[in-house]
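Colleague: Once you've had a glance at the structure underneath, I'll fire off some questions.
The values are calculated or read from the model by the stated rules, or taken from the named source; none is laboratory data. Not measured: the values here are computed from a predicted model. FYI the Cβ positions are ideal-geometry reconstructions off the backbone, even for glycines, and counts take in every protein chain you see. For accessibility, only protein heavy atoms count, side chains too; no ligands or nucleic acids. Shrake-Rupley method; radii C 1.70, N 1.55, O 1.52, S 1.80 Å.
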Amino acid sequence: MVIREVFSKAVPETLSVGQEVSGVVTKIGPSVTTVKEGDEVVGVLPLDSVTSGCGEFCIFREFDVVRKPSQVSHEEAAAIVGDAVRAYTALYYHARVCAGDTVLILDGATSPGSIAVQLAKLWGAKVLSTYSTVAEKQYLESFQPPLAQVLELSQRSTLLVSSVMEETGGTGVDCVVDNGVRLFTNEDDVAMLGEKSKYPKPHKHDILSCLGFSGKWVTSHPDLQLDPPDCQQLFLRNASLNFLFPPAWTLMYAQHGRYQHILKDIMDKIDKGHLRCKIVQIVTLDEVIVSLKSLEDVRVGKIVLKV
């Protein structure tokens, strides 16, 4: 791994793969002051990076990495850092989650969802989460202390809303963090647009119906469109919609201070055992092609590439 203080402005035609990296600094630029050669660091490569994290070496800006705690393995650090930045951005910078809030995290057994569940619980929030398979349900039920409610996410649109309202006494939740939503109710439209999946997603109206007063909806859907009645629902609830795009941190030079704080806090929580990631498999470069074919079916845990 190579660290330098100046990064190329050119954006490649194709995006590199393997953004979440943990490794050892082998060389630094003359103006780098925050790390030195031989340091074990972890970080997330920017989307406009000209190098890939899957290679033997990659180039980071010095403010995009932090030192890795000695007790944390490189595999664990790389597996958690990207999802933790995502969860931290959603819960802290978007939703301002604090003790006493009620948070609904969709697909909480997935790797990003799992970290969001752990962070929300750590900050004192009451957490509800959804599952689609038996394995996901078992994983969510293994959390200690247990979640407030584990809800099945099915094609029945009324099930999620009724369960949330029953759990919250009809007041709704303070924050919803989704993992994508369903925009259409007509099955023909869904199939035509390629949104049909064996893992169901809630309809946007269901999420709006789950929100309480001044609730925050944090969405990972990049092209979400709300109709006027949807906007009216947000307006009447004094609620808001936030788009979650974690790579924005590494694309904005003015946010280096906040981003460094996030990375350092994440590493501190991993070191203290507050954040954990289930690593399903550690693969080599030769095994990547085989692993990619079944990647969509890996819902619980994470696959890590070791170079």
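Colleague: Over the chain, what percent of the accessible surface lies on carbon and sulfur atoms, probe 1.4 Å? Please report the intermediate quantities before stating the final value.
Modeller: Values: 8140 of 15070 Å².
Here it works out to 54 percent.
Colleague: Pick out, from ASN179, LEU140, LEU159, the residue whose Cα sits farthest towards the positive end of the charge dipole of segment 99-243, with +1 on the Cβ of Lys and Arg and -1 on the Cβ of Asp and Glu.
Modeller: Comparing the listed Cα positions along the dipole, LEU140 ranks first.
Colleague: Helix by helix through the chain, keep the DSSP H runs that span 18 Å or more along the axis on Cα and average at least -0.5 on Kyte-Doolittle, and give those back in order. Write down the numbers at each step before the final one.
Modeller: Numbers: long enough: 74-88 (20 Å, 0.13); 256-271 (22 Å, -0.95).
Answer set is 74-88.
Colleague: Need the C-alpha centroid separation for segment 82-159 versus segment 280-307, integer Å.
Modeller: Using only Cα atoms, the two centres lie 24 Å from each other.
Colleague: Now a separate question. Using unit Cβ charges (K, R positive; D, E negative) and no other charged atoms, how large, in debye to the nearest 20, is the dipole of the chain about its Cα centre? Mind showing how you got there, number by number?
Modeller: Numbers: 30 positive and 37 negative charges, 132 e Å.
Dipole about the Cα centre, nearest 20: 640 debye.
Colleague: I would also like to ask the following. Can you list the residues, at least 5 places off or on another chain, whose amide H is less than 5 Å from the amide H of VAL283, using H built in the peptide plane?
Modeller: Hits under the 5 Å cutoff: VAL304, LEU305, LYS306.
Colleague: Send over the Kirkwood Rh of segment 232-307, from the inverse of the averaged 1/r over different Cα pairs, rounded to one decimal Å.
Modeller: On the way: mean 1/r = 0.0611 Å⁻¹.
One decimal place: 16.4 Å for the Kirkwood radius.
Colleague: Taking R0 as 22 Å, what FRET efficiency do you get between SER31 and SER52 from their Cβ-Cβ distance, rounded to the nearest 0.05?
Modeller: So, using R0 = 22 Å, E works out to roughly 0.35.
Colleague: May I pose another question? Residues with amide H under 5 Å of VAL173's amide H, sequence separation 5 or more or different chain, H placed in the peptide plane at 1.01 Å from N; which?
Modeller: LEU211, GLY212
Colleague: Please tell me which of these pairs span more than 24 angstrom C-alpha to C-alpha: LYS121/LYS278; LYS27/LYS269; LYS121/LYS306; LYS264/LYS302; LYS216/LYS272? Intermediate results must be reported in sequence, preceding the final value.
Modeller: Numbers: LYS121/LYS278 17 Å; LYS27/LYS269 28 Å; LYS121/LYS306 31 Å; LYS264/LYS302 22 Å; LYS216/LYS272 29 Å.
In this structure, LYS27/LYS269; LYS121/LYS306; LYS216/LYS272 lie more than 24 Å apart at Cα.
Colleague: Would you mind computing, in nm to one decimal, how far apart the modelled labels at VAL17 and ASP265 are, each placed 7 Å from Cα along Cα→Cβ?
Modeller: 3.3
Colleague: Let's test the formula: R0 of 22 Å, r as the Cβ-Cβ distance of SER154 and LEU234. What FRET efficiency results, to the nearest 0.05?
Modeller: Details: r = 25 Å, r/R0 = 1.14.
It comes to 0.30.
Colleague: Here's another thing I want to ask about it. Measuring with a 1.4 Å probe in the full set of protein chains, what accessible area per residue, in whole Å², belongs to the chain?
Modeller: Numbers: 15070 Å² over 307 residues.
So the chain comes to 49 Å² accessible per residue, rounded to a whole number.
Colleague: So how do 35-47, 121-133 stack up, highest first, on mean other-Cβ count within 10 Å?
Modeller: Details: 35-47: 19.2, 121-133: 20.9.
Descending packing order for the listed peptides: 121-133, 35-47.
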